Structure formats: structure tokens, C-alpha cells
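The values are calculated or read from the model by the stated rules, or taken from the named source; none is laboratory data. No experiment lies behind these values; they were computed from the predicted model shown. Reconstructed Cβ throughout: ideal geometry from the backbone, glycine too, with neighbour counts over all protein chains shown. To get the accessible areas, we keep the full protein, side chains included, count just its heavy atoms, and leave off ligands, DNA and RNA. Shrake-Rupley method; radii C 1.70, N 1.55, O 1.52, S 1.80 Å.
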Amino acid sequence: MRAALREDLPRLMAVMSAAFVPKWGEAWTRRQVEDSLLAGFCHYCLISPAGEPAAPGEQAAGFTLARTIAGETELLLLAVDPQFRRQGLGTVLVEMLAREGLSRGADRLFLEMRRGNPAEHLYRGLGFEPVGERPNYYRTNDGQRIDAVTFARPLRNKS
Ligand SMILES: CC(C)(COP(=O)(O)OP(=O)(O)OC[C@H]1O[C@@H](n2cnc3c(N)ncnc32)[C@H](O)[C@@H]1OP(=O)(O)O)[C@@H](O)C(=O)NCCC(=O)NCCS
């Protein structure tokens, strides 16, 4: 494992445990994150409480985990530690990902979320529009079924 990833994984996982409510079963394990990054297509961004890329040794306040394949960047996970929410960090993370996607040759940002996740307000505010749904796609830890809703946002202006 690269040295940077070895240093970043614990910081990313600390945000993961603080940010995701266990009931929804959305948090990934360290192994899942590590495997997704080592497989190659996935990339991540760690942000500091000040909204900058987290410097080595600095506390991370949020992260994105995404993959870019065939001209599309898919946001797999977006998380901000509850103590740093509603300060614009989620917004900064999505915009950082948009730039990263462009630099990796993507034309659009895509994501899928459970219906009813308040994150929808953030996504709509950033120009994402619903493009589909998958009925009963998710199963919560207590067995409840919830629809998945997919959203997309173009990364390049059509001319
Ligand atoms: C979703 C999440 C990343 C938002 O992070 P954040 O740093 O608080 O987001 P921002 O401060 O950039 O929010 C920007 C705007 O989005 C909207 N918004 C964000 N969170 C919201 C919420 N819980 N309810 C309603 N609107 C919300 C608001 O319009 C907000 O602007 P405002 O604070 O001026 O009203 C964070 O709540 C989180 O980690 N949630 C748990 C994990 C999760 O569900 N991730 C998404 C699916 S993977």
C-alpha cells in the first residue's frame, strides 16, 4: 500500500464511523475502501476542517470516495463529520470531485442515494437532477426496503 494511503485510511475511516448512522448500513468497512482503491478506478479526497485538502497529520473533516470509468465519475460516498456540518464542506467536497472528474476525462457526475436522504438538498442545490430510480434497492439493517434514486450533473457545457 502506498504511504499516503496508509496514512489517509485511518483518517478517512474515522470520518466514516462518525458520519454514517448505522441503521442505514451505508458505511463501508476499511477493507472495502482499501480494496476499492487498490483496484485502481476509485479515488478519494480528504478535506480539512478549513475546507482544504487535508495535509499529512491533520484531522480530516470529510471525504469523498468515487470512481471514474468510461467518461463518468460516480460519487460512491460523501461524508462530513457531524461536528463540521452545515459549514459548506460537503459542497466543497463535491466541487473538488467535479474538478477531479474533469481532469480524469469525465463528462458527468453521477450518484445514487437512498430515497429521503437529506443529502438530496445538497445535491439539488449543486445542480444535480434525478435521472432514475431503483425500487426497493437498499435493505436497512432492520430489513426495511428503501428505493434508490439516481442523480446526475453534467461536467462540461454543451456547445
Ligand atoms: C450530506 C452531508 C455530506 C452534508 O455535508 P455538509 O458539510 O453539512 O453540507 P454543506 O454544509 O455543504 O450543505 C450545503 C447545503 O446543502 C443543504 N443541506 C446539507 N445538509 C442538509 C440537511 N441535513 N438537511 C437539509 N439540507 C441540507 C443545505 O441547503 C445546505 O446549505 P445551508 O447549510 O446553507 O442550509 C453530511 O450531512 C453527511 O455526511 N451525511 C451523512 C452521510 C451521507 O448521508 N452522505 C450522503 C450519501 S453517501
In region 53-80, which residue that is within 14 Å of the ligand (Cβ to nearest atom) and either farther than 19 Å from HIS121 by Cβ or in contact with a Pro (Cβ under 6 Å, 6 or more places away or on another chain) (or both) is most open to solvent (accessible area, probe 1.4 Å)?
ARG67
Can you list residue pairs whose Cβ atoms sit under 7 Å apart, with the first residue in region 81-94 being within 6 Å of the ligand (Cβ to nearest atom) and the second being part of a helix (DSSP H, G or I)? Count only pairs 6 or more apart in sequence or on different chains.
GLY90/LEU122; THR91/LEU122
Before we move on, is LEU102 more than 13 Å from the ligand (Cβ to nearest atom), out of contact with any strand residue (DSSP E or B) (no Cβ under 7 Å at 6 or more places or on another chain) and among the hydrophobic types (A, V, I, L, M, F, W, C)?
yes
Among the residues of region 46-71, which ones are in a strand (DSSP E or B) and not hydrophobic (A, V, I, L, M, F, W, C)?
PRO53, GLY62, THR64, ARG67, THR68
Sole miss for ALA50 among (1) within 14 Å of the ligand (Cβ to nearest atom); (2) in contact (Cβ under 8 Å) with a residue 12 or more places away in the chain; (3) over 17 Å from PHE20 (Cβ atoms); (4) out of contact with any strand residue (DSSP E or B) (no Cβ under 8 Å at 6 or more places or on another chain) is condition (2)
Do we have any residue at all in region 32-45 that's part of a helix (DSSP H, G or I) and touching a Gly at 6+ places or on another chain (Cβ under 8 Å)?
no
